[in-house]
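The structure under discussion appears below in the form of structure tokens.
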Amino acid sequence: MALAITLHILFAVIWVGGMFFAVVALRPVAATTLKPPQRLALWAGTFGKFFPWVWAAVVILPATGYWLIYGVFEGFENAGLHVQIMQVTGWIMIVIFLHIYFAPFQRFKKAVAARRWPSAAVQLAQIRMLVGINLVLGLITTVIATGGRYLGDFWFAVD
């Protein structure tokens, strides 16, 4: 179980942390310091390096999550609500990533390669919106994962 929880936490941190860095740090600096061709090329290169790690997370997070559900809790019936919510938000994040990767990202790569900057910018805007949604879901999932089993006690104790 130690390996499962370690891999689960590690790949959650990689995915959510990467999105946080991209949205909070890289995007504002790139938007204010680079012209569109350089900015779009930067994003193409960044996604090219980051998305393989997200693919690993998309495989490892469900695998280790179910390993933990069946190994620690002996099934869903013994897992807390926070585990159930984590599973739902995780699958939503995966579906959003799959859409990003197979739709706007593919169009974005082609547009950047062809130097069609306005088209690339449109695709980047869609990717940015979807990554923002995934970031919010990832942060919510992190809060639920780390404090979820205690939140019920908090809500019921606040009368």
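The values are calculated or read from the model by the stated rules, or taken from the named source; none is laboratory data. Since the structure is predicted, the reported quantities are computational estimates derived from the model, not experimental observations. Note: ideal-geometry Cβ built from the backbone for every residue, glycine included; neighbour counts use all protein chains shown.
General remarks:
- Filter result for Ile133 (free of Cβ contacts under 8 Å to residues at least 40 places away in the same chain, part of a helix (DSSP H, G or I) and buried (at least 17 other Cβ atoms within 10 Å of the Cβ)): no
- Boolean, Leu68 is modelled with pLDDT of 95 or more, over 19 Å from Ala121 (Cα atoms), surrounded by 13 or more Cβ atoms within 10 Å (Cβ to Cβ) and out of contact with any Pro (no Cβ under 8 Å at 6 or more places or on another chain): no
- Selection count, segment 1-51, where residues are touching a residue at least 24 places away in the same chain (Cβ under 8 Å) and polar (S, T, N, Q): 1
- For segment 114-125, a residue qualifies if it is without any contact (Cβ under 8 Å) to a residue 24 or more places away in the chain and over 18 Å from Phe50 (Cα atoms), and the qualifying residues are Ala114, Arg116, Pro118, Ser119, Val122.
- Tyr66 within 20 Å of Leu7 (Cβ to Cβ), out of contact with any helix residue (DSSP H, G or I) (no Cβ under 6 Å at 6 or more places or on another chain) and hydroxyl-bearing (Ser, Thr, Tyr): yes
- Just one of the listed residues (Arg149, Arg128) is farther than 30 Å from Arg39 by Cβ, in a helix (DSSP H, G or I), among the charged types (D, E, K, R) and in contact (Cβ under 8 Å) with a residue 60 or more places away in the chain, and it is Arg149.
- Of all residues assigned to segment 102-120, none qualifies as being of a type in the set (Ser, Thr, Tyr), under 19 Å from Val16 (Cβ atoms) and at pLDDT 95 or above.
Conditions tested, residue by residue: (1) in contact with a Lys or Arg (Cβ under 9 Å, 6 or more places away or on another chain); (2) buried (at least 18 other Cβ atoms within 10 Å of the Cβ); (3) more than 18 Å from Trp91 (Cβ to Cβ).
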residue: Thr6; (1), (2), (3): no, no, yes
residue: Gly18; (1), (2), (3): no, yes, yes
residue: Pro36; (1), (2), (3): no, no, yes
residue: Gly48; (1), (2), (3): yes, no, yes
residue: Trp53; (1), (2), (3): no, no, yes
residue: Val59; (1), (2), (3): no, no, no
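- Matching residues, segment 1-30, being closer than 18 Å to Met86 by Cα and among the aromatic types (Phe, Trp, Tyr): Phe11, Trp15
- Exactly one residue out of Gly65, Gly71 is among the small types (Gly, Ala, Ser) and in contact with a His (Cβ under 7 Å, 6 or more places away or on another chain): that is Gly65.
- Filter result (of a type outside the set (S, T, N, Q), farther than 17 Å from Leu10 by Cα and surrounded by fewer than 19 Cβ atoms within 10 Å (Cβ to Cβ)) within segment 83-101: Ile85, Val88, Trp91, Ile92, Val95, Ile96, Leu98, His99, Tyr101
- Conditions (1) of a type in the set (D, E, K, R); (2) out of contact with any Leu (no Cβ under 9 Å at 6 or more places or on another chain); (3) buried (at least 19 other Cβ atoms within 10 Å of the Cβ); number of the one not met by Lys110: (3)
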